[in-house]
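The values are calculated or read from the model by the stated rules, or taken from the named source; none is laboratory data. Just so it is clear, the structure is predicted and the values come from calculations on it, not from any experiment. Backbone-built Cβ (ideal geometry, glycine too); neighbour counts: all protein chains shown. Each accessible area value is taken on the protein alone, full model and side chains, heavy atoms only, with ligands, DNA and RNA left out. Shrake-Rupley method; radii C 1.70, N 1.55, O 1.52, S 1.80 Å.
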Amino acid sequence: MKAGNKTGILVFTLLGLSEDPELQPLIFGLFLSMYVVTVLGNLLIILIISFDSHLHTPMYFFLSNLSLVDICFSTTIVPNMLVSIQTENKATSYMNCLTQVYFSMFFPILDTLLLTTMAYDRYMAICQPLHYMVIMNPRLCGLLVFITWFIGVMTSLLHISLMMHLNFCRDLEIPHFFCEVTQILKLACSDTFLNSILLYFMTGVLGVFPLLGILFSYSRITSAIRKMSSLQGRQKAFATCGSHLSVVSLFYATGIGVYFTSSMTHSSQEVSVASVMYTVVTPMLNPFIYSLRNKDVKGALGRLLSRAVSCL
């Protein structure tokens with residue numbers, strides 16, 4: 001293919017998780033099930049928080065945004081994969097691939113920043129309880145969410161603007177189940193130095209620094225909890241932080257797992273399988289973590305079900 005050809009002429013081929021025809025129905029059923037569970041679970045969390053006044057607090061406001069982001073992240077990747085399996089058409093256009101690259105970068109950035117914001121919220125609630133409601137007011141909460149979305153939009157646009165200047169002149173087969181930015185850069189025949197520098201820089205700024213902020217917040221939270229004289233107070237504080245800490249651990253563990261898998265193996269299939277964890281499994285598990293480990297959410301779910309039954 002001639003260098004510089006783009007848009008309508010340029011077509012990428014997504015090889016998927018496996019090229020074995022016998023495995024395609026199994027992969028289709030598994031991913032469809034996980035996607036349905038992800039959407040329904042996160043929609044339920046949003047519904048519970050919206051309709052129960054007991055959950056109209058900063059923590060659950062951020063949680064509802066996190067659930068929305070998880071739905072959007074899965075929707076960016078899974079439906080396209082399911083259509084590809086069903087139609088047996090692995091080809092995707094240049095613009096479709098760039099769009100998927102944009103959103104597959106955008107939503108993980110939002111995840112990282114929202115989890116950091118939630119850690120700050122827990123820090124204020126436990127370490128500064130007397131000033132919590134004054135500081136974490138609706139205006140500040142809305143501003144924090146706006147900032148996370150703004151950073152996500154601008155960072156992803158910067159990556160895409162650089163990628164749009166790349167030329168592709170080799171076999172455009174992507175050994176992945178979605179258009180992942182590092183895989184696209186490997187196919188470019190023009191210089192990708194700036195793209196790689198930006199990618200590593202933003203990974204550090206938007207990955208490492210938020211994690212350090214979360215760890216710092218929880219170090220202060222742990223110290224504050226240890227100073228509490230009331231056993232009941234300690235248990236309540238641990239309960240409010242447990243769900244968030246579990247989600248943070250799952251998100252970063254899967255992300256780090258994908259990073260080490262890609263750096264330690266030359267098998268693209270192993271990298272693709274590892275990517276399933278943070279793109280599909282993590283968004284699916286988050287609603288269960290918050291519903292099963294959180295008494296407030298379980299109580300709100302019970303009230304919502306009772307209200308629904310009484311309306312029948």
The range 111-239: radius of gyration and largest Cα-Cα distance (Dmax), Å = 20.8, 67
Mind pulling the angle between the C-alpha long axis of helix 231-264 and the longest principal axis of the chain? Nearest 10 degrees, somewhere in 0 to 90.
-> 10
Per the Kirkwood formula on distinct C-alpha pairs, the Rh of the chain is how many angstrom?
-> 21.2
Could you do me a favour and compute the accessible area per residue for the range 45-134, 1.4 Å probe, result in Å²?
-> 39
Highest mean packing first, using Cβ neighbours within 10 angstrom, the peptides 144-152, 120-128, 83-91 sort as 120-128, 144-152, 83-91
Going by alpha carbons, how many degrees (0 to 90, nearest 10) lie between the helix axis of 209-226 and the longest principal axis of the chain?
-> 20
For helix 193-203, report the angle its Cα long axis makes with the longest principal axis of the Cα atoms of the chain; keep it between 0 and 90° and round to the nearest 10°.
-> 20
In nm, to one decimal, how far is the modelled label at MET228 from the one at ASN89, with both set 7 Å along Cα→Cβ?
-> 5.7
In the chain, lysine pairs closer than 19 Å at Cα, eight or more apart or cross-chain = 7
Tally up the carbon and sulfur contribution to the accessible surface of the range 46-172 as a whole percent, 1.4 Å probe, everything protein left in place.
-> 69
D (µm²/s, integer) via Stokes-Einstein for the range 172-312, Kirkwood Rh across alpha-carbon pairs, 37 °C, 0.692 mPa s: value 176
Of 61-71, 228-238, 273-283, 28-38, ordering from highest average Cβ density within 10 Å down gives 61-71, 273-283, 28-38, 228-238
Return one whole number: the accessible area per residue of the range 173-254 in Å², for a 1.4 Å probe.
-> 54
